[in-house]
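Have a look at the structure below, then the notes.
The values are calculated or read from the model by the stated rules, or taken from the named source; none is laboratory data. Predicted, not measured: the structure shown is a model, and the values here were computed from it. Neighbour counts run over all protein chains shown; Cβ positions are idealised from the backbone, glycine included. Heads up: the accessible areas ignore ligands, DNA and RNA and are worked out on the full protein's heavy atoms, side chains in. Shrake-Rupley method; radii C 1.70, N 1.55, O 1.52, S 1.80 Å.
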Amino acid sequence: MSLAYILQDLDDPDFEDIHGDDETGGFAADKALRLLVSSLYTSWRPGDGVPFLAAARVALTSGEPTVAASVVPDVLLARGVTLAAEWWKPVHRIYQVSRLGKAPDLVLDLLAHNSGKAEASDRRHQMYEQLGVTYRVIYDPCGLLADQPVTVFERQHGRLTARQDMQLPHLGLGLTLWRGTFEGRTDTWLRWTDAHGNRLLTGDELAAYWHRRATELEAGQQSTSAMDSSTVT
């Protein structure tokens, strides 16, 4: 467990009473997960052109009676999957592998509470292996279980095995830790990258980029007009 996390607990007498009932990660996790999901829809275009589904905290289950009950990853990502039109119906509200035809390509679990996390993580790991998930990501920003904040597991010979990096080659994606500002909050964020290491931009970042390009183009045109006028004179 990180020193900062321990000191937060010691300095706040109400921390354990509040945090003991909350395994969601609260505001911090909500914003971190929104960044991950929204930037995929804004900036990711899978190379094969197929549709994809990205979601935060949607239940995942096999749909087969021989496999364990459902689990709720913090993020799931699946290529080639399209949601049913009547998605408010209970049967369509969860990710059921037997109904959608494939397991998610990636699941991400954000660790925000230490109680029983090691055992719970092991059980999840086994279930993800049973379901046929290609990648599992453990995001541990508080250092609850590991020294490194991000661990990527890749399916190899039926087992999810830890990689030495944060690359997701079967998806043409990667992950990186980025220090910056998202929705008015400056922190270290987990971000997607493309196959070349470029960050997938959020909607605000993309808008800022095109605004800058338009401003540069306008400035260039004004400069050219001024030079033309000077030449004529």
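Quick rundown of the values:
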quantity	calculated
Within segment 126-178, considering residues that are touching a Ser or Thr at 6+ places or on another chain (Cβ under 8 Å) and in a helix (DSSP H, G or I), the one nearest to residue 62 (Cα to Cα)	131
Test result for residue 144, in contact with a helix residue (DSSP H, G or I) (Cβ under 7 Å, 6 or more places away or on another chain), in contact (Cβ under 8 Å) with a residue 60 or more places away in the chain and surrounded by 14 or more Cβ atoms within 10 Å (Cβ to Cβ)	yes
Members of segment 103-129 found to be exposed (fewer than 15 other Cβ atoms within 10 Å of the Cβ) and of a type outside the set (A, V, I, L, M), listed by number	115, 116, 119, 122, 123, 126
Which numbered condition residue 118 fails, given (1) assigned to a strand (DSSP E or B); (2) over 16 Å from residue 77 (Cβ atoms)	(1)
Residues being surrounded by 17 or more Cβ atoms within 10 Å (Cβ to Cβ) and either at pLDDT 95 or above or in a helix (DSSP H, G or I) (or both) - total across segment 1-30	2
Some residue of segment 191-213 being open to solvent by 40 Å² or more (accessible area, probe 1.4 Å), more than 14 Å from residue 107 (Cα to Cα), β-branched (Val, Ile, Thr) and modelled with pLDDT of 95 or more	no
Among the candidates 63, 49, 116, residue that is in contact with a helix residue (DSSP H, G or I) (Cβ under 7 Å, 6 or more places away or on another chain), on the phi > 0 side of the Ramachandran plot and modelled with pLDDT under 95	63
